[in-house]
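The values are calculated or read from the model by the stated rules, or taken from the named source; none is laboratory data. Given the structure is predicted, the values throughout are model-derived calculations rather than measurements. We place every Cβ from the backbone using ideal geometry, glycine too, and count neighbours over all the protein chains shown. Ligands, DNA and RNA are excluded from the accessible area calculation, which covers all protein heavy atoms including side chains. Shrake-Rupley method; radii C 1.70, N 1.55, O 1.52, S 1.80 Å.
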Amino acid sequence: MAEKKKLTIKQAKFVEGIAKGKTQAQAYIDAYDTKGHLPTVEAEASKTTNKPQVKEAIEAAMTKLNLTAE
């Protein structure tokens with residue numbers, strides 16, 4: 001059985017930002033303290049969101065707060 005990966009501190013901060021209603025890009029900027037160009041930030045935020053452990057944490061946070069992805 002594969003061991004479940006834990007979130008890094010930055011990933012956890014990213015998940016928290018998403019759960020608080022921030023856009024993926026804004027949550028990424030806040031969590032990773034970046035000043036990159038928006039297209040780059042959006043691409044990296046999307047990659048981060050699609051990591052299995054991050055995706056699972058976002059879903060868990062949304063469920064805990066009784067929110068949907070809409």
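Pairs linking a residue in the range 38-58 that is within 14 Å of A27 (Cα to Cα) to a residue that is of a type in the set (D, E, K, R) and part of a helix (DSSP H, G or I), with Cβ atoms under 7 Å and 6 or more positions apart or on different chains, are T49/K55.
Residues in the range 29-44 that are open to solvent by less than 30 Å² (accessible area, probe 1.4 Å) and farther than 18 Å from K6 by Cα: V41 alone.
Of the helices (runs of 4 or more DSSP H) lying entirely inside the range 1-55, the ones with 3 or more residues being in contact with an Asp or Glu (Cβ under 9 Å, 6 or more places away or on another chain) are found at 9-19, 24-32.
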